[in-house]
Structures are given as structure tokens and as C-alpha cells.
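Here is the structure we will look at, set down as C-alpha cells.
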Amino acid sequence: MTKMYPDQRGARIWRPVARWAAAALALLLVLTSLLASFSVACAADLAVGSAVEVTGTGGDGLNVRSAASTASSVIGILQDGARGMVLEGPVTAGGFTWWRIQWSSGLAGWSAGTYLRVPAPNPLSGPPTALVAVPGVESVILSWGVPDSTGTSPVTAWRIYRDRHADPSTLVATLQAGQPGFEQRTWTDGPMLLGGATYWYAVSAVNAAGESDPTEDVQVVPQTAPLPAGVFFLPPELDFGGDQSSLVLTLQNSGTSPVTFSILPGDTWMTSVSPASGSIPTGGVQRITVTVQRANMPAGTYESLVRVQCSTGSVNIPAHMRIGMIQGIDVSRWQCSGDHEGDPINWTSVRSAGYRFVFVKATESVSIKDAYLDVLAPGARAAGLLTGVYHVCWPADNTPEAEAAYFLQNAGQYMTAGCLIPVLDLEPRYNIHGAAMVAWIDKWAGAVKAATGATPAIYCSSSVAADLLKGDATIASRYPLWIASYITADQPNTGGWNTWSFWQYTSTGKVPGIEGHNVDLDCFNGSEETLAQYVITGQPSSCSLVTAVMGNGVIGISPQQASYDPGTSVTLSATAVPGWEFVGWSGTVTSTENPLVITMNKNMSILGTFQKSAAPLQHVITLSVGNAVAHIDNQEVALDSPPVIVGGRTLVPLRPIIEGLGGTLTWIPETRSVEVELGGVAIQLQIGNRTAIVNGQSVTMDVPAAIINSRTMLPVRFVSENIGADVDWEDLTRTVTIRVTVSSTLGGTALHPFGRSTGPAA
């Protein structure tokens, strides 16, 4: 009688023992055939990339083989409910339809499709894991892991998001199943990236049930490409400011042979390049005109690049376009709450995004000081933004003199030379209306101007502006207007005022460097020269020092004074809180020295930046008894021989693992012994000897090293624990998991690449 292999029903071999069993056997075969037909029907939708589940084996399990044949070796047995993903197939051989499957246990091999089915789709339980971004030359290589659970539906696509700020939301690529990089979970962005610029990335997974959450975003700075040899560029950046609709890029061949070139714009708002390609003779000059589209584009700052490809090299040139008025923002404690409290705003990112000015809430009434005034205002100034402060008034409850005094007491240091003029915020709910309101404003503004020398501006809505004009038609000639008007138009609704200085046109803006919060966006009605008229002038009688902190740390100032005589030496000391580290100083002085000694010869604004300390890297190694393939950080590593169990202890050929971690394993034939060195730990073991030497000390092992199938096998728990690793044993799958922390085991050095990797399963 024909043997029934485990590929059909597990490990049993059925043999007839008596004639009386023939009828029962025939019935069993009929039932088996029907069940097989049912199972095949369940597996009819199997395809490469499908999720798969073992079913109907009756507890016997399903064999996993090294090849699509019942004659090949069994490398594992899986029970009902085991899940994986189809990598290859179908292959018909020996009366079975075979599929190569990557199982969730880490095992990969061929199984007959008789007892396989496609599970019903379930939502993804979480995002992809372990997103890594590796910078290249004007490019970034991304790699990531599968979600912790894909439910019962396979991943059919990966979506890649990229922006120039944290929490990226711009979809830049979708990897579908079958496309290059899908199975390997890797994607290269470029070469249309700016070297030296910061990018943020995130990746999500898609299956039949929908899209997962994105990964935690990663930050990366692509490398800068060297300039093409023999080519001089002018200008080094393209900046379309004002009303410019085109710029000329000049290429000069300073080499010794002709240079060919081609120009590729990086965005659709750059409508044409002329000439787009050509050749420059030795010593020649080529003028290239880049034209942009400005009509019907919303006010704002646009960032892109122009790629210059030459026969001597390629490089990306930054391109910026500013449309409309000068851009700014206004902020308060509301932009500093929640997850970003303590590290509220990255002012460098705000400045890099093209914003020129910022107004910070200072005070309200006679008892409310914004909790983040002394963080936001100094930080903005240190980053080079024109900074002003505003006061929210309660005119129905307090005298103008009292509110002016409270404002000056708490925010006077931000109304000095170089700052924007102060602002009075008129909210409708506090308005006393008409002439009475105008009289209140005049007294408050008079007190502030007497102390600062600057005429304050008025912030209000269109309805409040109209009410003020009814009270005194001349008010528009005395105070600059900052209007809040959330309309889609070229000009705001000023409530009847002839002109406006600042326009708050939305309260739901998104600004790089201010993550997780909406931001009020503003613009200025004029040029850079006109904006300078809104800056407080005059030279202080002494030098002031403003410091701010980005991140979590403390700045010590010695001596700490309200003002300094010119020539005074001041020492700044940065102290990080646990888990953070000091990065450097920026603003008036740029340095990484700590402490930093400065000489007060002018007003100074200095920002101390702290960043989170890097967490120790942990590497995970898994080995299964009987399986000659180990996994190191989800990469396959071929072992010389599969792990075995001797005396209740697991022995493995550790050479690929030790060498993969940057250590050495040496065989000494004269003494039949092994020497292991890794991360400053030296271990000596002798075949058949239970006593090992660890850093010169004798240690007794449960099981000695042994030679099995001509391979030296070492006790995995003993070696792992003595190099500082954690070892876990999973009895059901007979799997050893080793967790190695780089900082504790290898002294903080990076692990070596695993040269024996067979690559991802395919």
C-alpha cells in the first residue's frame, strides 16, 4: 500500500493490519478525499504575497520541507493555526501542489497546499517596525520591519511619507506587492534631495482591511554631493523673491575639456528651463534661465531644487520662491502643550521654512503671564527672527495704567532695541466699545510708548476695528493695525481702516518646527525695508544678554545681571537633565564649547540646544533546534550545523554569531579547545571539559563543548550569558532567543555586518 506522507496529515504512516479494516479504511479515504477537496478549495486563492494558515491536520501537524518534494528533508512541523506568507509557488510535484512559505515562527520552507487556507482579512494591529534611514549622496535609503502582527491578511503595499518637518504627511511613494523593494522592505529616495538638508520619513502598511498607523518618524540629513569638477555655479542658490518670475543660473567651465550639462527642475512651479541641456566649451560660460509660475499661487514660501547634471558630476541646487507678503507667526503656551511640552518649538526650523517674524503672547489683564513667554521669545530672537510681544487686555475690569505696568514689568526685556513694536490685543468679549475703548487704548499706549519709545500696534477683528472707527475716526492714523481676518482674498477685511500692517489670515496653519499644533499665520504688508520701520531702534546704555533653551537642560550664567558694561566677561554653562545631552550654542555666538566664555560688547541672544541621548542598541538573535538557519535582527545567517540538545542544554555552532557581532572564535587543535573574544570578554572552553575560563576565572558548565558532525558545538546559554547577553528558551518551538545590548556588551561600538547572511527570504 502507498505510504501517506506527513505532508498530507502529519507524521503518521498508515499501514493496514487486517482485512476487516478495509471497509473502514475505504471510508476514511473517501472522507479524506472530501476533506482534501474542501481544503484545496479553501486554498484556491493562494498566491505569492498571500497570508496563509495551517488547517485540518487533526493535530498531526503539517510538514515543512527543504524542497517541493516528499523526498526532501523535513525541516519543521507546524500545527493548525500557524500563519505565514507565501513566498513562492505553486509547484506541482508528487501529486501535491507545493508552496514556499515564510512562517511567523521564522521557519521558511515548502509545504503541500492540501491543508492550507487563506485567512479572512483582519486589520493591521500596528505600524511597521524599526524604520531606519541611511543617508546617501543627495539620497536616503529606507528600511523597515513588518508590523508586530499583520492579522490574517497579508501586507499588499507600503506607503512612504516624507516632509521637511516632523510628523511627515506627504505621500511620496507606494510600494506594491511584486515591485522591487516590497519583499525586502527597502526603498531609496533620491537623487532629487538636497544634501545637508533635514528630512523626516514615516512608513505605513496596507492590507485588505486598510492602512496601518505610520511608524515613528525618523530624521535624516542626506550627504552633500561634490560640485562637478571644472564647473563654477552662480548663484549657489536660486531665490525668487519679490515679484521675480525668473532667475539666471550661470555655469562656467573652468576645466580643461568641454562639459556637457542638463538641467532638471524639482517642482512644477518651475515652469521652464532654457536651455535645458547643452555643452560648454573650455573656458566658456552658459547662462540658463529658470522661469517660475507665481499667478494663482497662495502666499507662502516654496522650497524645491534644480538638479544640474554634468559630464563631470551632478549636484542639486536649492531653489526658493516667496509669494505675497513677508511671512510670520504668533504663538503662546497653546503651541507648547501636550507631547511637546518642555521642548516646544524648533525655532531654527521655523526660520529655515521662510518665516521672518513672530509675535509672542506675554501677558493678560493684571495677573496672567504666559507660562512660556521666557522660553519662546528668547528662543525666537536667538534663531534670528524679528520678535515682538503682545498683551491681551481686559478694559472693562482694569485701568489702562495698571495693565500697561503689568505688561512692562513682565515683558519689558522683549521691548528693547531690535525687537518688534509691542501690540495690544483687543478681544471682543472684553471690549467696552466706541469712544470709551479708544480713550482706554490711548492711555495704555501712552504708558508703553513712554517706557519703550515705540508706538504699539492694535490687534483686533474686523468688527472691533469698525467699532473703534465709530468711536474715533482718527485712530487709524495713530496706531498700526494687525487685523485678524480669516477670509480667502488678496486683502483682509479691515473694518473700514484705510490700510493694515499685519494680517493674521488663518489660525490653523502648519509650521515646521511646531509639531502637533495649529499655528496662527500672519503676513506683513510691505517689503523688508518697510518691516524695519516696525523694529524698535536706539542703542541701549548697556549690553543685555538673553538666553534660551531648546530641549531639556539648564543654562548657568556667571555673573548673572540685568545688564552688563561693555567688555564684561560672562561664562555660560550648559547642564543637561538625565537622558539628554548638550549639542551647542547658536544665535549671536555659534559654538560647542561648554562652558562658553563671551565678552559683552553688544546685546546678545544665545540659544543652548539639548537633544535626547541615544538609547543603547539591542540586537536579537534566534536559533531553533534542528534548523541550520539563525536570524540576527531579522536577517538570515547560515549556520555550519543546526543546534542540538545535549543533556538538556542547547549546543550551537556559534562562530557565525560571534563573528557577526564583531568578535573572534579560534579553534586550537593541539588542546582541542576554543577561545572566544567579544566586547572585552575572553572565554576558553575545551572539548569534553565542563570547566571553562572566563577572563582568567574558572567557571563550571552544565554541559561541555562537543564535536558533533565534525563541527564544534558550544553551549549557547553559557557563552551568551558570559558576554553579557540575555537568553530565553521557548519550549514549544524549541527556539533560543539571545538579546545583546551594544552599550553593555561591546562598549558602545557598532556591530559588524553579518557577512554570512543569505538575505531576506524570497
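The values are calculated or read from the model by the stated rules, or taken from the named source; none is laboratory data. The structure displayed is predicted, hence computed values, not measured ones. Every residue, glycine among them, receives a Cβ derived from its backbone with ideal geometry; neighbour counts consider all protein chains shown.
Quick notes on this one:
- One residue stands out in the range 225-245 among those that are loosely packed, with under 15 Cβ neighbours inside 10 Å and at pLDDT 85 or above: the one that is nearest to Ala173 (Cα to Cα), namely Pro226.
- Qualifying residue in the range 312-334 (condition: touching a Leu at 6+ places or on another chain (Cβ under 9 Å), at positive phi and either among the charged types (D, E, K, R) or at pLDDT 90 or above (or both)): yes
- A Cβ distance below 6 Å, combined with a sequence gap of six or more or placement on separate chains, defines the contacts here; from the range 432-447, residues that are over 14 Å from Ile458 (Cβ atoms) reach residues that are surrounded by 15 or more Cβ atoms within 10 Å (Cβ to Cβ) and of a type in the set (A, V, I, L, M, F, W, C) in the pairs Ala447/Ala404.
- Residue list for the range 695-710, filter: surrounded by 14 or more Cβ atoms within 10 Å (Cβ to Cβ), closer than 24 Å to Gly679 by Cβ, in contact (Cβ under 8 Å) with a residue 40 or more places away in the chain and not β-branched (Val, Ile, Thr): Ala705
- Yes/no for Leu194 being buried (at least 21 other Cβ atoms within 10 Å of the Cβ), free of Cβ contacts under 8 Å to residues at least 60 places away in the same chain and more than 16 Å from the chain's Cα centre (by Cα): no
- Filter result for Pro16 (more than 26 Å from Asn634 (Cα to Cα), at pLDDT below 50, of a type outside the set (A, V, I, L, M) and surrounded by fewer than 19 Cβ atoms within 10 Å (Cβ to Cβ)): yes
Rundown of residues vs (1) crowded, with 21+ Cβ neighbours inside 10 Å; (2) in the same structural domain as Ala405 (by TED's automatic domain parsing); (3) at pLDDT 90 or above, yes/no style:
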{"position": "Asn346", "(1), (2), (3)": "yes, yes, no"}
{"position": "Val350", "(1), (2), (3)": "yes, yes, no"}
{"position": "Ala362", "(1), (2), (3)": "yes, yes, yes"}
{"position": "Ser367", "(1), (2), (3)": "no, yes, yes"}
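- Within the range 448-462, considering residues that are without any contact (Cβ under 8 Å) to a residue 60 or more places away in the chain and not in a loop (DSSP other than H, G, I, E, B), the one surrounded by the most Cβ atoms within 10 Å (Cβ to Cβ): Val448
- Those residues of the range 511-530 which are more than 12 Å from Pro344 (Cα to Cα) and in a strand (DSSP E or B), in sequence order: Val511, Asn518, Val519, Asp520, Leu521, Asp522, Cys523, Phe524
- Cross-chain or 6+ apart pairs with Cβ under 6 Å, the range 170-191 first and in the same structural domain as Asn316 (by TED's automatic domain parsing), then modelled with pLDDT of 90 or more and in a strand (DSSP E or B): none
- Subset of the range 393-411 (residues that are in a helix (DSSP H, G or I), surrounded by 16 or more Cβ atoms within 10 Å (Cβ to Cβ) and under 43 Å from the mean Cα position of the chain (by Cα)): Tyr406, Phe407, Leu408, Asn410, Ala411
- Wholly enclosed strands (runs of 3 or more DSSP E) of the range 219-331 bearing at least 3 residues within 30 Å of Ile514 (Cα to Cα) and hydroxyl-bearing (Ser, Thr, Tyr): 300-310
- Of the residues making up the range 417-445, just one is β-branched (Val, Ile, Thr), in a helix (DSSP H, G or I) and within 18 Å of Val389 (Cβ to Cβ), namely Ile441.
- Selection status of Ala682, of a type in the set (A, V, I, L, M), modelled with pLDDT under 85 and either under 31 Å from the mean Cα position of the chain (by Cα) or over 26 Å from Gly626 (Cα atoms) (or both): no
- Any chance Gly696 is modelled with pLDDT of 80 or more and among the small types (Gly, Ala, Ser): yes
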